[in-house]
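The values are calculated or read from the model by the stated rules, or taken from the named source; none is laboratory data. Predicted model only: the values in this text are computed from it and were never measured. Virtual Cβ from ideal backbone geometry, glycine too; neighbours counted across all protein chains shown. When the accessible area is computed, the model is the full protein with side chains, heavy atoms only, and any ligands, DNA or RNA have been set aside. Shrake-Rupley method; radii C 1.70, N 1.55, O 1.52, S 1.80 Å.
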Amino acid sequence: ADLLNEEELELIESMRPGLIQLEIGVQSTNEQTIREIRRTMRFEEVARIVQRINQGENVHQHLDLIAGLPYEDMESFQKSFDDVYRLHPEQLQLGFLKVLKGTEISLRKEEYGLVHQSIPPYEVLYTKWISYEEIRKLKRVEEMVELYYNSNQFIQTLAVLVTQVKTPFDLYEKLAEHYETHGYFINTPARVKRYDVLFEFACGLVPGKEELFRELLTFDFYLRENAKSRPAFCRDLTGDYEMIRQFYEQEEAWPRYLKEYAQYHARQVMKMTHMEMFHYPVWQQDADEWKPLEHPVMVLYDYQKRDPLTGDCAAVSIE
């Protein structure tokens with residue numbers, strides 16, 4: 001990414017959202033490690049370019065890290081993870097070193113104390129800097145990153161949770177410990193069930209914020225799912241149903257928010273979209289203090305409009 005020039009950046013910024021995806025191999029932000037693997041990456045410049053591209057909101061960016069490289073111990077890898085995570089790529093790929101025959105790393109593996117699988121993919125097991133148990137821990141962290149961060153299903157919830165721990169890596173390490181404690185690595189929860197698991201984890205991590213996390217996960221859930229059955233963690237909507245029904249009837253008579261649905265009756269549109277009442281500003285990611293709203297806000301989810309980068313539907317607050 002640090003090789004992109006201004007002309008190329010302007011070309012990228014002019015493209016329609018979702019047209020291209022950038023795979024950026026950061027590998028590590030440890031300067032000694034980068035020199036040892038004969039890379040010339042300038043991470044400060046990579047960070048500047050990634051942030052610039054992020055501002056265009058039109059390109060899907062994948063940033064890659066590799067565990068098991070020379071001079072990268074657990075502390076160094078955690079720093080590399082945190083450095084990359086704070087750039088907010090659409091996906092953070094956590095890979096493990098493959099020691100291919102004939103490469104310089106394979107020729108110097110005794111010097112590095114590097115032990116790897118004897119059969120393909122020849123993946124690292126441990127080095128003089130990182131132990132076998134630490135590699136196993138990173139495997140569990142990788143699964144959490146894949147299920148929760150890279151799925152883009154929990155954007156708002158994770159943005160709040162990461163403020164409640166020391167570092168981003170700490171969050172996924174604690175989540176992996178929660179999975180291990182409850183046996184979820186053996187019986188992996190289905191996609192929808194992962195919301196329940198994250199709610200369970202969040203309530204344990206930040207006691208006293210149950211209603212906030214209930215609403216954060218509800219907001220995230222309906223950005224993706226126009227679900228027929230309502231998840232257990234969601235608040236009961238019975239008391240809001242009459243207000244919701246009146247809104248759709250009013251839209252049928254005098255459309256303001258749902259003009260694209262003019263050919264449908266109110267009951268049909270109710271099934272094609274979703275409305276939810278919120279008592280916290282869960283659509284924000286930069287709230288300093290998560291206090292309840294003075295007045296609850298109704299949010300309308302429109303599934304005909306989706307973000308090409310995240311897959312989230314359009315969500316509009318209703319006056």
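So the values come out like this:
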| quantity | calculated |
| --- | --- |
| Selected residue (only one of ASP312, ASP307 is acidic (Asp, Glu), within 24 Å of the chain's Cα centre (by Cα), open to solvent by 30 Å² or more (accessible area, probe 1.4 Å) and under 24 Å from PHE213 (Cα atoms)) | ASP307 |
| Check on THR40, more than 18 Å from LYS139 (Cα to Cα) and at pLDDT below 95 | yes |
| Out of VAL99, VAL124, VAL160, VAL84, sole residue that is touching a Gly at 6+ places or on another chain (Cβ under 7 Å) and open to solvent by less than 10 Å² (accessible area, probe 1.4 Å) | VAL124 |
| Residue that is farthest from HIS88 (Cα to Cα), among those in the range 20-36 that are modelled with pLDDT of 95 or more and in a loop (DSSP other than H, G, I, E, B) | ASN30 |
| Residue, least open to solvent (accessible area, probe 1.4 Å), within the range 10-43, restricted to residues that are under 16 Å from LEU65 (Cα atoms) and acidic (Asp, Glu) | GLU36 |
| Those residues of the range 3-62 which are free of Cβ contacts under 8 Å to residues at least 12 places away in the same chain and among the hydrophobic types (A, V, I, L, M, F, W, C), in sequence order | LEU3, LEU11, ILE34 |
| Restricting the range 265-291 to residues that are over 24 Å from ASN54 (Cα atoms) and modelled with pLDDT under 90, the residue that is surrounded by the most Cβ atoms within 10 Å (Cβ to Cβ) | TRP290 |
| Strands (runs of 3 or more DSSP E) enclosed by the range 245-319 - at least 2 residues per element that are aromatic (Phe, Trp, Tyr) and free of Cβ contacts under 8 Å to residues at least 12 places away in the same chain | none |
| Residue match in the range 157-165 (condition: under 28 Å from LEU293 (Cα atoms), of a type outside the set (Gly, Ala, Ser), in a loop (DSSP other than H, G, I, E, B) and modelled with pLDDT of 95 or more) | yes |
| Check on ALA262, open to solvent by less than 70 Å² (accessible area, probe 1.4 Å) and among the hydrophobic types (A, V, I, L, M, F, W, C) | no |
| Positions within the range 194-215 being touching a Lys or Arg at 6+ places or on another chain (Cβ under 9 Å) and either within 19 Å of THR273 (Cα to Cα) or basic (Lys, Arg) (or both), in sequence order | ARG214, GLU215 |
| Conditions (1) more than 14 Å from ARG194 (Cα to Cα); (2) open to solvent by 40 Å² or more (accessible area, probe 1.4 Å); (3) without any contact (Cβ under 8 Å) to a residue 40 or more places away in the chain; number of the one not met by ALA232 | (1) |
| Flag for TYR184 being hydroxyl-bearing (Ser, Thr, Tyr) and either surrounded by 14 or more Cβ atoms within 10 Å (Cβ to Cβ) or in a strand (DSSP E or B) (or both) | yes |
| Members of the range 44-73 that are open to solvent by 20 Å² or more (accessible area, probe 1.4 Å), in contact with a helix residue (DSSP H, G or I) (Cβ under 7 Å, 6 or more places away or on another chain) and either assigned to a helix (DSSP H, G or I) or within 27 Å of PRO308 (Cβ to Cβ) (or both) | ARG52, GLY56 |
| Checklist (1) surrounded by 19 or more Cβ atoms within 10 Å (Cβ to Cβ); (2) free of Cβ contacts under 8 Å to residues at least 12 places away in the same chain applied to ALA202, failing item | (2) |
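Condition check ((1) touching a Pro at 6+ places or on another chain (Cβ under 9 Å); (2) of a type in the set (Ser, Thr, Tyr); (3) more than 27 Å from ASP170 (Cα to Cα)) across all residues:
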{"site": "ARG86", "(1), (2), (3)": "yes, no, no"}
{"site": "PRO89", "(1), (2), (3)": "no, no, no"}
{"site": "GLU110", "(1), (2), (3)": "no, no, yes"}
{"site": "PRO121", "(1), (2), (3)": "no, no, yes"}
{"site": "LYS139", "(1), (2), (3)": "no, no, no"}
